[in-house]
Structure formats: C-alpha cells, structure tokens
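The values are calculated or read from the model by the stated rules, or taken from the named source; none is laboratory data. Please read all numbers here as calculations on a predicted model, not as lab measurements. Cβ placement follows ideal geometry from the backbone for every residue including glycine, while neighbour counts extend to all protein chains displayed. Accessible surface areas use protein heavy atoms only, side chains included; no ligands, DNA or RNA. Shrake-Rupley method; radii C 1.70, N 1.55, O 1.52, S 1.80 Å.
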Amino acid sequence: MEHLVDAHYVALPSQGNVYSLTPLLLPTGAHKIILATLRRRVLSFRYHFTNDSSRLKPLVREVHFTCIPNNAEIVSIDAFSRGLSGQDYVIGLTLIKYSGESNRPEAYLNVYSDQESEGDAAPHLDRATSTDSGSPYVAGGSTPSLDNAAQNCRMIELGFVPYQLSHTQLPLKDENLWVLGGGDCQVHVFQEDPSQNTYVELKEEGIFPEFAEVLPSPPLWTDFHYKDQKVRLCAIGCECGFLQVTKTSVNGTESEITARWNLQLQGPISSVRFFTLGTEMYRQNIPEKTDLSLLNLLVACATQPSQVFMNIISQGLANGKELPESAGGDAVLCGITGDTDLDGSVEILLGTYGRQLLVYKWDSSAWDLQATRTLPHPVHSLHYLDVTGDGVRELLILTPKGLHVFQHHLEHVEDRIEKFVKMMLSSPSEKESSKAKD
C-alpha cells in the first residue's frame, strides 16, 4: 500500500451504505462515479482536464433525480452504458418510503435513461455543465446525458424490501437485465419492455433457473461469471451465512443448471466475487506452474474468517482457503480483487467496520496478509478502476463520511511498465528470472 497515495477526498452530505456507490463507464475509457446517500441526494464525481490540459481536476456535482419522494431513503444504486456509442446512460435506484398512519414501508425500483437524446448529448459528453447555484459542490461533475437521464424515470413498485442492485447481460444478446436481491429471500430479475415503456420481472424458470428457489434468508450479494457465453457461474451470499454457487448451461432463452454447491457459514456474507489469480497480459507472457486462469471465488464474511474457494469450476466449494486475521478485527463489510501493486497478479482487499483495509497476496499454497491500513471511518465499499482515463486504475474507498481516491505514485507506474516491457522482449528463461526478482 506504500505505492498508493490518498490523492482526493469527496465529502458526502449524509451517510450512505454498502450499496451506495456505482461506477459508470464513459466512452473515453474512464469511469464516472455516482454516489447515493440515504437522504435522497445523489452526487456525480469524475476527473476533468483543465483548459490548458496540463492537469486533471476532480469535479463533483449534485444530480437531481426525479421521482424520489421527500420521505424516501435510497437503498442501492447501479448503472451501465448501452448503445453502440456507449453514451446512453441507464441508472437504477431502489428506495423505500413510509406513508400513511400505519407507517407501512413501500419499495420501488426507479430506472432512469435518456436514449432518445443521445445524439444531442454526445458532442458535449466531456464538457462541464453550468454552475448549479443551489449546490455546494463544484460544477462539472455531471454531463448533459446524465442530467437528461435523471429527469426520465420509470418507477416499478416492489413487493419486497430491496437489497443489492446489480445488472448482468442477457445471454447471447446485447441487453442488460437488472438483478435485485429481496427481503423476501429471493433474487429478482427485471427486463425492459419497450412496448409498454416499463420493466417487467422475468420468470426464473427459463433464463435464470438458479433464482427459482426461495433462499433461507435475504441475499446480500450476487455475482456472475460467463464462460464463452455458454456457461454461467452464479454465486449468492445470504444474511444467514448460506452460500450458493450454481453452474448453468445457457442456450438462447432456455438455461439448465448442471451443477450446484451449497455451504452454510456462520454470520452474514457481505460480498462474493469471482476472479482469477493473474491478469490477461500476465498469463500470456509469463510461464507459471500454477494455472492462473482458473476461476476462484472470494467470500467475504462479516463475523467469521473470509475465505477463497480455489478452482471452483472443478472443485466446487471443497477447496477453501481462509484469509488470515480477516475476523480478528471487526465485521468485514466489503471485498474486491485487483492488481493493486501492478506486478501482474491480483491481490484481495477487504474493508471492515473497524476502519481496517486488509490486503492479501497468494503465495503458491496460501493467502498471506501483505499489508494493512487504517481509515478514518468504517469501510463501506471498495472499487479498483480507472477514473482519470490514463489507463492506470485508482483505488476507491467509500466510508460513511466520504470517498477516498488513492492513486499510484508515478515512479512506481513507470518502474512497472519498464519491467514489463523488458520481460516481454526477453527470452523465456529471462522471464522466469525477472519474475523471481519481483
């Protein structure tokens, strides 16, 4: 972690939760960050080149979304881009509001998009918008297409309390579906119905048979992995500690479960993530005895040690490796994987309620705790992606008070690029020697 510096900080007007941050991929390759708070306020954060293009400037702006009642709380948020140009933004918000003397909760899924105005917004995609005098944040964090989308809402009433909102691609089609965990102990899938200008819930028995059964408790996190668009892996982590992983054969609009693994852990499962040990470039250019392309599953547990299940496709949940000291502090709230030290192999990062960031590295047969870092507040969410548009990812850490943006030291990036170029140009024996020195 010594090569990462806390470069910028975005303060939140009120607290969010573990589902309050979503990245939005721009056509430039950079990501815009959308932050939602429980008290209905939504912020947009991105980097913008100054007029002389000599430096990047962090820009934050409040985005005013319609159809969010005054007495509502935003529970979760997700977003994606669609269309050939990638300039049509689709944002999903789930919210709960209380109404009537009975104070009975009502839940909704709001979907915002502005596909019709895509052509008008495209030329101004990276241009700062005018100053919003009613906002305490710097103008320019938003873009016209995002502002336009925020005014075009389709509201779907839900019959359950919403949890994590995510999306996945419809098999063999260029269409994204909303995936929503529910307090009714089920995972729900919503598909757009253009003829009715709304979204309808899909029947799980056809495309998603893995969601047909009722789970023992609400699903807190769901993750997907597709293999050649023919096989889908799906992992679900529940509030009671129940873990389910399914392998599904995908064939058009019909799917069939070919394998299912279940495991009962103790305490809530806060996150599940599929990943491989090496990056694509690393696997292609560096010989390795261990197959770095094998699929693994990170299971972040709130109260017991978090685990990694290795080679999950062939071994299921039989080969679990505990992450040392992951239960020694406080509850683990989130977990991600990424090559944060730029050496070609991924690390595991866990964020805890006790303000700790734990970093793990694979060492041939076990996961070692490589580094720890203490944050000012509990860690709600972690993301590792490119927000500056320079091709190097940044580490984003969301806390109840705000968003920290950690950037790599320039000298560290230059050193890694130089070593990688030399490795690509060297002979196989020299590659092994170079890797051993790293």
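Given the criteria touching a strand residue (DSSP E or B) at 6+ places or on another chain (Cβ under 9 Å), among the acidic types (Asp, Glu) and under 25 Å from Leu358 (Cβ atoms), does Glu62 qualify? No: the conditions fail for Glu62. When segment 223-241 is filtered for residues that are open to solvent by 10 Å² or more (accessible area, probe 1.4 Å) and either of a type in the set (A, V, I, L, M) or touching a strand residue (DSSP E or B) at 6+ places or on another chain (Cβ under 6 Å) (or both), the ones remaining, listed by number, are Asp223, Phe224, His225, Tyr226, Lys230, Val231, Glu239. Determine, yes or no, whether His412 is more than 16 Å from the chain's Cα centre (by Cα), at pLDDT 95 or above and not in a strand (DSSP E or B). Judged against the criteria, His412 is not a match. For the condition among the hydroxyl-bearing types (Ser, Thr, Tyr), surrounded by fewer than 17 Cβ atoms within 10 Å (Cβ to Cβ), without any contact (Cβ under 8 Å) to a residue 60 or more places away in the chain and not in a strand (DSSP E or B), Ser326 does not qualify.
Of all the residues in segment 391-401, those that are open to solvent by less than 20 Å² (accessible area, probe 1.4 Å) and in contact with a Phe, Trp or Tyr (Cβ under 9 Å, 6 or more places away or on another chain) number 4. Checking Tyr9, Tyr19 one by one, the residue that is open to solvent by 20 Å² or more (accessible area, probe 1.4 Å), under 19 Å from the mean Cα position of the chain (by Cα) and under 22 Å from Phe406 (Cα atoms) is Tyr19 and no other. Cys67 falls short on exactly one of the conditions (1) within 17 Å of Ser381 (Cα to Cα); (2) in a loop (DSSP other than H, G, I, E, B); (3) hydrophobic (A, V, I, L, M, F, W, C), and that condition is (1).
May I ask you to verify whether Pro27 is open to solvent by 30 Å² or more (accessible area, probe 1.4 Å), over 22 Å from Cys153 (Cβ atoms) and not in a strand (DSSP E or B)? Answer is yes for this residue. The C-beta contact set for segment 359-385 (first residue more than 19 Å from Phe275 (Cβ to Cβ) and in contact (Cβ under 8 Å) with a residue 40 or more places away in the chain, second residue surrounded by fewer than 18 Cβ atoms within 10 Å (Cβ to Cβ) and of a type in the set (A, V, I, L, M), distance under 6 angstrom, 6+ apart or interchain) comprises Arg373/Met1.
For segment 254-267, the set of residues classified as touching a Ser or Thr at 6+ places or on another chain (Cβ under 7 Å), more than 16 Å from Arg232 (Cα to Cα) and either in a strand (DSSP E or B) or open to solvent by less than 50 Å² (accessible area, probe 1.4 Å) (or both) consists of Gly267 only. Yes or no: His404 of a type outside the set (Asp, Glu) and either crowded, with 19+ Cβ neighbours inside 10 Å or at positive phi (or both)? So His404 fits the description; yes.
Quick one: is Lys57 surrounded by fewer than 18 Cβ atoms within 10 Å (Cβ to Cβ) and part of a strand (DSSP E or B)?
Judged against the criteria, Lys57 is a match.
In the condition set (1) within 27 Å of Ser44 (Cβ to Cβ); (2) at pLDDT 95 or above; (3) in a strand (DSSP E or B), Gln407 is compliant with all but (2). Regarding segment 145-152, can at least one residue be identified that is of a type in the set (Ser, Thr, Tyr), over 30 Å from Asn262 (Cβ atoms) and either open to solvent by 40 Å² or more (accessible area, probe 1.4 Å) or at pLDDT below 90 (or both)? Checked against the condition, which is being of a type in the set (Ser, Thr, Tyr), over 30 Å from Asn262 (Cβ atoms) and either open to solvent by 40 Å² or more (accessible area, probe 1.4 Å) or at pLDDT below 90 (or both), segment 145-152 yields at least one hit.
Candidates Gly206, Gly181: the one that is without any contact (Cβ under 8 Å) to a residue 60 or more places away in the chain, in a loop (DSSP other than H, G, I, E, B) and open to solvent by less than 50 Å² (accessible area, probe 1.4 Å) is Gly206. Only residues that are surrounded by 15 or more Cβ atoms within 10 Å (Cβ to Cβ) and not acidic (Asp, Glu) were counted in segment 184-203, giving 8.
Can you find even one residue in segment 211-220 that is open to solvent by 20 Å² or more (accessible area, probe 1.4 Å) and either under 19 Å from Cys301 (Cβ atoms) or among the aromatic types (Phe, Trp, Tyr) (or both)?
Yes, some residue in segment 211-220 is open to solvent by 20 Å² or more (accessible area, probe 1.4 Å) and either under 19 Å from Cys301 (Cβ atoms) or among the aromatic types (Phe, Trp, Tyr) (or both).
Mind listing just one residue for me: the one in segment 372-390 that is β-branched (Val, Ile, Thr) and in a loop (DSSP other than H, G, I, E, B) and, of those, surrounded by the most Cβ atoms within 10 Å (Cβ to Cβ)? Result: Val379. A count restricted to segment 1-33 and to residues that are more than 17 Å from Gly389 (Cβ to Cβ) and hydrophobic (A, V, I, L, M, F, W, C) stands at 8. Across segment 329-367, the number of residues qualifying as open to solvent by 10 Å² or more (accessible area, probe 1.4 Å), among the polar types (S, T, N, Q) and in contact with a Gly (Cβ under 9 Å, 6 or more places away or on another chain) comes to 2.
Give Val42, Val75 a once-over and let me know the one that is over 15 Å from Glu394 (Cα atoms) and either basic (Lys, Arg) or in contact with an Asp or Glu (Cβ under 9 Å, 6 or more places away or on another chain) (or both). Before the answer, list the steps.
On the way: Val75 fails: either basic (Lys, Arg) or in contact with an Asp or Glu (Cβ under 9 Å, 6 or more places away or on another chain) (or both).
Selected residue: Val42, the only one of Val42, Val75 that is over 15 Å from Glu394 (Cα atoms) and either basic (Lys, Arg) or in contact with an Asp or Glu (Cβ under 9 Å, 6 or more places away or on another chain) (or both).
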